[in-house]
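Each remark here refers to the structure printed beneath this line.
The values are calculated or read from the model by the stated rules, or taken from the named source; none is laboratory data. Keep in mind the model is a prediction, meaning the values are calculated, not measured. Every residue, glycine among them, receives a Cβ derived from its backbone with ideal geometry; neighbour counts consider all protein chains shown.
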Ligand SMILES: [Fe+2]
Ligand SMILES: [Fe+2]
């Protein structure tokens, strides 16, 4: 335990504690990252470690800043169009921006709208399509907010415009995204695929027949869970049929999911993307979708992870039924997403 006292005493106490308790446990030849909630206490600890001869760094802003950190990577670039993958590492969430000429489409924009508005401004493009693959449960979407800022419609499948547990309709208006509808953006054709299962209005978008924005359906190492509407048994057969539909796409189709579970899933370019043909051989959930419905259902229902209670409230937020302040919104999103079916534990 640290001894009590003023700030200087506190630092001295940390040094004493480090020398007494951690000397044999911490390496002096490796960098040590010190983390706390907001970056204040960890700064003092990092300084104390450094005075004791360690190579310590402080995570400025702490877990709060890390939680709100978004990154971006180019998936594809050509004179006709480009695709950007937006990455929120703390939660394993991904969203996408497609650009053609001076216009853009955004798919599954995450909570911090300024990340997207800053990027649109920097790239001198205007979003004309603001799309969510579904009403998310694990994170707050900035889709409707962006649609208001840019005075363009927000697009969602109408089945997801109803809260699956409250049975209440969205408190704002939106444009319905229907199966077979196509969004055009310069040389880009973005076709809607209705793939119910994870939600009833769950969608994927197929760009020029080559890039699949799979949302919460196919991830790189797993598949989405079908139980967040409280009807796992009823929705599992829908999920099965939807995955079978996606499996008919060509092996070269590049899958761009809405989540990842580990940085190890990224490829050589640090992108979270893989050809469908590869996933057909390596993704346990997709392999199970190639078997009978009975086998698939047994697999899904025995691999459902915990149901985070805040997911019910987040879905309310995403259809405008409740409007949390920044503090509450951030609190709702704490922790990693749990949108995937749990994977088989390796023995
Ligand atoms: Fe989801
Ligand atoms: Fe999700």
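The table for this structure:
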{"item": "Test: residue in region 59-73 that is in contact with a strand residue (DSSP E or B) (Cβ under 9 Å, 6 or more places away or on another chain) and buried (at least 21 other Cβ atoms within 10 Å of the Cβ)", "result": "no"}
{"item": "Pairs where the first residue, in region 43-60, is in the same structural domain as residue 22 (by TED's automatic domain parsing) and closer than 17 Å to residue 12 by Cβ and the second is at pLDDT 90 or above and assigned to a helix (DSSP H, G or I), C-beta under 7 Å, 6+ apart", "result": "56/46; 56/49; 56/50"}
{"item": "Test: residue in region 138-145 that is free of Cβ contacts under 8 Å to residues at least 60 places away in the same chain, in contact with a helix residue (DSSP H, G or I) (Cβ under 9 Å, 6 or more places away or on another chain), buried (at least 19 other Cβ atoms within 10 Å of the Cβ) and assigned to a strand (DSSP E or B)", "result": "no"}
{"item": "Sole exception among (1) within 29 Å of residue 245 (Cα to Cα); (2) within 16 Å of ligand 2 (Cβ to nearest atom); (3) at pLDDT below 95 for residue 345, by number", "result": "(2)"}
{"item": "Helices (runs of 4 or more DSSP H) contained entirely in region 250-347, each with at least 3 residues that are under 19 Å from residue 238 (Cβ atoms) and touching a residue at least 60 places away in the same chain (Cβ under 8 Å)", "result": "284-289, 293-301"}
{"item": "Residues within region 146-161 that are surrounded by fewer than 20 Cβ atoms within 10 Å (Cβ to Cβ) and away from ligand 1 (no atom under 16 Å from the Cβ), tallied", "result": "8"}
{"item": "Of residues in region 162-198 being part of a loop (DSSP other than H, G, I, E, B) and closer than 16 Å to residue 235 by Cβ, the one nearest to ligand 1 (Cβ to nearest atom)", "result": "198"}
{"item": "Candidate set from region 204-220 (those that are away from ligand 1 (no atom under 13 Å from the Cβ) and out of contact with any helix residue (DSSP H, G or I) (no Cβ under 8 Å at 6 or more places or on another chain)); member that is nearest to residue 341 (Cα to Cα)", "result": "213"}
{"item": "Residue match in region 81-88 (condition: out of contact with any helix residue (DSSP H, G or I) (no Cβ under 9 Å at 6 or more places or on another chain), outside the structural domain of residue 138 (by TED's automatic domain parsing) and over 30 Å from residue 325 (Cβ atoms))", "result": "no"}
{"item": "Selection from region 244-262 of residues that are within 16 Å of ligand 2 (Cβ to nearest atom) and crowded, with 16+ Cβ neighbours inside 10 Å", "result": "255, 256, 257, 258, 259, 260, 261"}
{"item": "Boolean, residue 113 is at pLDDT below 95 and more than 16 Å from ligand 1 (Cβ to nearest atom)", "result": "no"}
{"item": "Region 102-130, residues that are within 20 Å of residue 178 (Cα to Cα), in contact (Cβ under 8 Å) with a residue 60 or more places away in the chain and within 15 Å of ligand 2 (Cβ to nearest atom)", "result": "107, 108"}
{"item": "Odd one out for residue 201, checked against (1) in contact with a helix residue (DSSP H, G or I) (Cβ under 7 Å, 6 or more places away or on another chain); (2) part of a strand (DSSP E or B)", "result": "(2)"}
{"item": "Condition met for residue 65 (touching a helix residue (DSSP H, G or I) at 6+ places or on another chain (Cβ under 7 Å), away from ligand 1 (no atom under 16 Å from the Cβ) and closer than 30 Å to residue 32 by Cβ)", "result": "no"}
